[in-house]
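The block underneath contains the structure these notes are about, expressed in structure tokens.
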Amino acid sequence: MSQSISPDRLSLLRALSVQHPTVESAIAAAAGLRAKLSLPKGVVHVISDIHGEDAKLRHVINNASGALRTLVEEVLGDRLSDAERAQFLAILYYPREAIARFAKGIVESGQRVEWVYRTLCMQFEIVRALRVRYRRDVYERLIPEEHRELFLELGSGLRHDYIKEMIVGLARHDRDWAAVRGAARLIRNLSISELLVAGDLGDRGPRIDRVIEILMRQPRVRLLWGNHDMIWIGAMLGHEPCLLTTMRFSARYRRAAQLEEGYGILTTPLEQLVREVYADDPAERFIPKGTGHRDQLTVARMQKALAIMQFKAEGRMLERHPEWGLEHRRLLHRINFKKGTVEIDGVEHELLDKHLPTINPEDPYAYSEAEQHCIDRIKESFVKSNRLREHMEWVVSQGGMWTRYDEVLIFHACVPVDESGEPLSMKVDGREVSGRELMDALGSVVRRAVRKRWYGLDEDADWLWYLWGGPRSPLFGKDKLATFETYFVADKAAHKEVKNPYFELIHDAEFVRKIGRLFGCGDDVLLVNGHVPVKIEKGEQPVKRGGNAVTIDGAFSEAYGDRGFTLVLKPDRIELAEHSAFSSVEKVIDDGADIVPKITTIREYGETRTVGQTQAGEEIRRRIDDLEALVQAYHEGVVRERA
């Protein structure tokens, strides 16, 4: 070996020896990895298009998309009455709130220690059923340090008197409830091996900030970016078209709390602009959805003011990018102010709202003085929000454009194609790219734009807007954003946003296999996207006619239908869990309410697949090879032990 080893290989082995400094440690690590190959593959949950619905997301995670209720019923059987089962599930889902609700009665019964002991024992029956998928080190890393001794004993199922004495000691200082809460958290963390969110964390629903906080607390989570995520990332950088779009969405759906409370964003400059410029404007085309603390007319005027500034900022940006071919979407200079009309794609339309006090016909894309003052103050508020920056940088660091789990290929929206199914290309960073290369190139631009931060803002950030709504964006997949037409034009035909042919072609099994091959998948590919809500009420189905593609945007948001899907990748099958509306945490605790999903099996395997049969298994085998090479290098003295 000493004569044949290359310098690069030797450098790798020396680096590996820092982690495994002796022969014994390298052999033990290789043996542990070999054993891991025989474990059942982990259960992956895939959710898409959360759109700010933080309470529902929390519940779907806490009940493992319905799987935790099923497991409790299987493990504990008929040992619990219906009322006891409802209480136990409430403690697993919402331990802090449930214990606060039940603690007084438990203490008054005089059975506190017995109740805590019995609850912990039942919890660890669930833990033992779940931990079979995990190596011991992974399992133990999930155990909170303050409860390590207690939980290891509970996990063994032995020495019951010893366990009770620990509980008595904890109860003496009112810390026994914390053990129950910690066990509930351990169960939830073991229930899902990995959580993947396939884009669109915010907009329409109430709180993107809380959605991200929930996700950041999960032990194993990955993200794929959606088009709505792009405008929030752009807003964090102070990119005006993105920033104004996020604010307009918040006004349209009356979600100011996520800006003001969540991220400390000032809205007073906008209110000042409305008072000065739009004070008498009926803003009938801008009536917001939902309810809120501000009066409806004020919010309508705020939405209108934001929309006009958005169209101006977008117009200037599109002028910078003739290569995008979107000159026809610059509409403000096509307004005939005398006639009260606008020309769109060669057709003249009457404007439904002709009160446009801040648009100068001679320079329609320039902000008025009042608008400039407003946007300057708002932009400063966005770029100085530490919490917004922390959240969006986390979204970028954990995210990407696409991913694979063995034969399952996942991205947010589409691979842009022409009518014949051939991938459409774009020039990114001087290269004409399409398909997978387009996604990879755009992903690099996103990361580069964020690395430059707000003080390095340049045309890279414009791509964030393009990913939000450009016709060849893999995160959008339509010919245009018809925001202007929706507000100002009566003709419904002008409102139509034409979907990319991809969304019809994915009913064709051979087309799906062709897309899969672009990303290194075989003919057994299952293609998964979100982005386009499945309209169950109109007879649409998530699984496409070819059987090898599925759309998992199930209208998770209340604004879309309050349903939603989780795609569950299990060792022996792939299931689709269809959710219903979520009531409240209080209803779960007091009435036993739950989201019990409808389960559809999409694929079944002839056996329970192990880690060794997955992509992760291939990577583990490469690590084993490296460790065996290190052992050999130690034996031959090529690398010296560090004992």
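The values are calculated or read from the model by the stated rules, or taken from the named source; none is laboratory data. Because the structure is a prediction, the values reported are computed rather than measured. Using ideal geometry, Cβ is built from the backbone for each residue, glycine included, and neighbour counts are taken over all protein chains shown. These area figures cover heavy atoms from the full protein model, side chains too; ligands, DNA and RNA do not enter into them. Shrake-Rupley method; radii C 1.70, N 1.55, O 1.52, S 1.80 Å.
Given a 1.4 Å probe and every protein chain left where it sits, what share in percent of the accessible area of the chain is carbon and sulfur?
Of the solvent-accessible surface of the chain, carbon and sulfur hold 47 percent.
So for TRP177, TRP225, what's the accessible-area order with a 1.4 Å probe, most first?
Ranked from most to least accessible, the order is TRP177, TRP225.
Can you give the FRET efficiency to the nearest 0.05 for ALA83 and GLU497, using r as the Cβ-Cβ distance and R₀ = 51 Å? Can you show the working numbers first?
On the way: r = 50 Å, r/R0 = 0.98.
With a Förster radius of 51 Å, E is 0.50.
Give the ranking of GLU146, GLU575 by solvent-accessible surface, highest area first, calculated with a 1.4 Å probe. Mind dumping the intermediate values first?
Working: GLU146 135, GLU575 25 Å².
Greatest to least solvent exposure: GLU146, GLU575.
With a 1.4 Å probe and all protein chains in place, put ILE589, ILE506 in order of accessible area, largest first.
Values: ILE589 20, ILE506 0 Å².
Of ILE589, ILE506, the descending order of accessible area is ILE589, ILE506.
Given a 1.4 Å probe, how much area per residue of the range 312-420 is accessible, in Å²?
The answer is 46 Å² per residue.
Treat every Asp and Glu Cβ in the range 425-492 as -1 and every Lys and Arg Cβ as +1, leave all other atoms uncharged, and give the resulting dipole magnitude about the Cα centre to the nearest 20 debye.
260 debye
How long is the gain from VAL75 to THR601 if the chain were fully straight, where each residue apart is worth 0.36 nm and the alpha carbon distance is subtracted?
187.1 nm
Distance between the C-alpha centers of the range 549-582 and the range 377-422? Whole Å please.
20 Å
Based on DSSP, what percent of beta bridges with both residues in the chain are antiparallel, to the nearest 5? Could the numbers behind the result be given before it?
On the way: 34 of 48 bridges.
For the chain, the DSSP antiparallel bridge percentage is about 70.
Taking R0 as 45 Å, what FRET efficiency do you get between ARG136 and HIS355 from their Cβ-Cβ distance, rounded to the nearest 0.05?
0.05
Contact order normalised by length for the range 272-386, with contacts defined as Cα pairs under 8 Å and 6 or more residues apart; what percent is it?
Value for the range 272-386: 22 percent.
Taking Cα pairs under 8 Å and at least six residues apart, what relative contact order does the range 537-632 come out at, in percent?
RCO, the range 537-632: 18 percent.
Once the whole set of protein chains is in place, how much accessible area is left on LYS538, using a 1.4 Å probe, in Å² to the nearest 10?
Only protein atoms counted, so the area is about 150 Å².
Run lengths n ≥ 4 of DSSP H only: what is the helix-derived mean residue ellipticity at 222 nm for the chain, with -39500 (n - 2.57) per run over all residues, to the nearest 500? Before the final figure, lay out the partial values.
Working: 26 runs with 308 residues, N = 643.
Counting only the DSSP helices, I get -15000 deg cm²/dmol.
Going by the alpha-carbon gyration tensor, a ≥ b ≥ c the square roots of its eigenvalues, is the range 402-486 rounded (a/c under 1.5) or, if a/c is not under 1.5, prolate (a/b greater than b/c) versus oblate?
It comes out oblate by the Cα gyration axes.
Rg(Cα) of the range 185-319 divided by 2.2 N^0.38 Å?
1.22
Residue separation times 0.36 nm, minus the C-alpha to C-alpha distance between ARG220 and ASP280: what's the value?
16.4 nm
For the pair GLU619 and GLU504, what calculated FRET efficiency results from E = 1/(1 + (r/R0)^6), where r is the Cβ-Cβ distance and R0 = 35 Å, to the nearest 0.05?
The formula returns an efficiency of 0.45 here.
How far is it, in nm, from the label point at GLN272 to the one at ARG34 when both lie 7 Å from their Cα along the line to the Cβ?
7.2 nm
Evaluate the relative contact order of the chain (contact order divided by residue number), counting alpha-carbon pairs under 8 angstrom at least 6 apart; express in whole percent.
This gives 20 percent for the chain.
Match the structure shown to one of the listed values [x] 17, 44, 31, 8, 0; [y] 18, 54, 26, 2; [z] 16, 40, 28, 13, 3, 0 of P(r) over Cα pairs in 20 Å bins from 0, in percent, computed from it, and give that label.
For P(r) over Cα pairs in 20 Å bins from 0, in percent, the calculated option is [x].
Starting from the 7 Å offset along Cα-to-Cβ, what nm value, one decimal, do you get for the label separation of SER109 and GLU437?
So the label points at SER109 and GLU437 sit 6.7 nm apart.
Compute the length gained on full extension between ALA15 and HIS173: take 0.36 nm times their separation in residues and subtract their Cα-Cα distance, giving the result in nm to one decimal. Mind showing how you got there, number by number?
On the way: separation 158, 0.36 × 158 = 56.88 nm, distance 4.73 nm.
Gain on extension, ALA15 to HIS173, equals 52.1 nm.
Probe 1.4 Å, all protein chains in place: accessible area of ASP429 in Å², nearest 10?
Surface accessible to solvent at ASP429 totals approximately 100 Å².
Obtain the nm distance between the two label points defined at GLU369 and HIS635 by a simple spin-label model: each point lies 7 Å from its Cα along the Cα-to-C-beta direction.
So the two model labels end up 8.5 nm from each other.
Let me know the shape class of the range 584-638, please: from the alpha-carbon gyration tensor, a ≥ b ≥ c as square roots of the eigenvalues, rounded when a/c is under 1.5, otherwise prolate if a/b is greater than b/c, or oblate.
oblate
Counting other Cβ atoms within 10 Å of each Cβ, which GluC sites (Glu not before Pro) in the range 294-369 have at most 10 and sit in a DSSP loop?
Sites meeting the loop and neighbour criteria: GLU362.
If you restrict to DSSP beta bridges whose two residues both lie in the range 389-538, what percentage is antiparallel, to the nearest 5?
The antiparallel proportion sits near 70 percent.
Quick query: amide H of VAL417 versus all other amide H atoms, modeled in the peptide plane; which residues come in under 5 Å with a sequence gap of 5 or more or a different chain?
Those qualifying (amide H under 5 Å, at least 5 residues apart or on another chain) are LEU424, TYR502.
Which pairs, out of LYS41/LYS538; LYS304/LYS496; LYS312/LYS480; LYS535/LYS598; LYS312/LYS354; LYS478/LYS598, put more than 25 Å between their alpha-carbon atoms?
LYS41/LYS538; LYS478/LYS598
Just to confirm the number: angle between the C-alpha axis of helix 23-36 and the first principal axis of the chain, 0 to 90 degrees, nearest 10?
Orientation of helix 23-36: about 70 degrees from the principal axis.
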